[in-house]
Amino acid sequence: MTGRDWANRLHLPTLGAVLVILVAWSLLSWRYGAYVLPSPLAVISGFAEILQSGEIWMHTGASLYRIVIGFGTAVLASILMGLAAFVSRGARGVVHDFLAILNSTSVFVWIVISIIWFGLSNWAPIFTTFMITLPVVASNIVEGVQNVDRRLLEMGDVYRLSGRQKFTAIVVPSTLPYLVAGMKVGFGLALKVSVVAEIFGVTSGIGYIMNYSREILATQMVFVWAVVMILVMLATDKLIFDAMSRRLGGWR
């Protein structure tokens with residue numbers, strides 16, 4: 001194995017870039033003060049503190065609970081939209097127009113509406129997460145349905161496959177990669193949107209505790225919870241979506 005291969009395997013370029021960022025971060029923290037930019041050591045200390053107290057699990061769990069409900073419901077609704085788009089060309093046009101409207105609507109609009117409808121409750125971030133991630137996942141599924149190889153469907157007609165058999169043997173395998181890709185992008189968006197919505201409407205979760213830390217001038221804890229968000233997203237990508245992609249590749 002060459003030196004370049006070892007460097008790539010050990011992610012040495014990335015580690016080098018991280019080291020440069022940490023040095024620059026430390027210098028800027030020294031220059032502008034802990035309130036504006038806490039030092040890396042202060043962030044590490046704060047992270048160890050929430051680990052020891054168990055606070056990380058309480059607020060992260062609260063955020064993930066809301067995300068799973070909102071995002072999971074959006075995935076189910078997206079699958080139904082994809083099925084409708086496959087069955088009917090007219091329904092496909094309706095779904096396309098509906099998704100275009102949702103894609104044009106700002107996240108702030110849904111946050112305000114959710115607070116009006118649901119008040120200071122869990123349902124405000126859940127609803128916002130649903131409305132923002134639905135068009136992302138659904139658009140991918142509809143695109144997958146539209147890109148199903150029509151020659152395979154015609155071959156299914158030649159072999160006299162039923163509609164159900166063509167759907168399970170041709171449409172589902174062709175569409176699943178689009179679903180997984182949409183879910184991967186949608187979950188990242190769901191995490192960001194849910195955290196923003198939590199600032200306005202709940203008393204737990206990553207967004208709530210970040211805003212609370214800002215109010216009590218604990219800037220280092222704002223950075224700590226930002227790191228928690230990053231770690232949650234990286235863990236989800238590696239443990240769930242990458243694993244799904246590998247299993248999907250083997251299954252296909």
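Taking θ as phi - 60° and the Karplus parameters 6.51, -1.76 and 1.60, the scalar couplings of the stretch 17-34 work out to 5, 4, 4, 4, 5, 5, 5, 4, 4, 4, 5, 5, 5, 5, 6, 9, x, 5 Hz in sequence order, x denoting glycine and proline.
Shape class of the stretch 38-251 from the Cα gyration tensor (axes a ≥ b ≥ c, square roots of the eigenvalues): prolate, since a/c reaches 1.5 or more and a/b is larger than b/c. Using the average count of surrounding beta-carbon atoms within 10 Å as a protection proxy, the listed peptides 173-182, 82-91 rank, highest first, as 173-182, 82-91.
Annotation: the residues ILE116, ILE132, sorted from fewest to most other C-beta atoms within 10 Å of their own C-beta, follow the order ILE116, ILE132. Peptide packing: for 18-26, 225-233, 61-69, 44-52, the average count of neighbouring Cβ atoms within 10 Å per residue gives the ranking 61-69, 225-233, 44-52, 18-26, highest mean first. Between VAL107 and GLU215, full extension at 0.36 nm per residue minus the direct alpha carbon distance yields a gain of 36.5 nm.
Annotation for SER26 and GLU49: the two label points, set 7 Å from Cα along the Cα-Cβ direction, are 2.1 nm apart.
Since every read-out is calculated from the coordinates, none of them should be taken as a lab result. These numbers come from a predicted model, not from an experiment. Cβ atoms come from the backbone with ideal geometry, glycine included; neighbour counts cover every protein chain shown.
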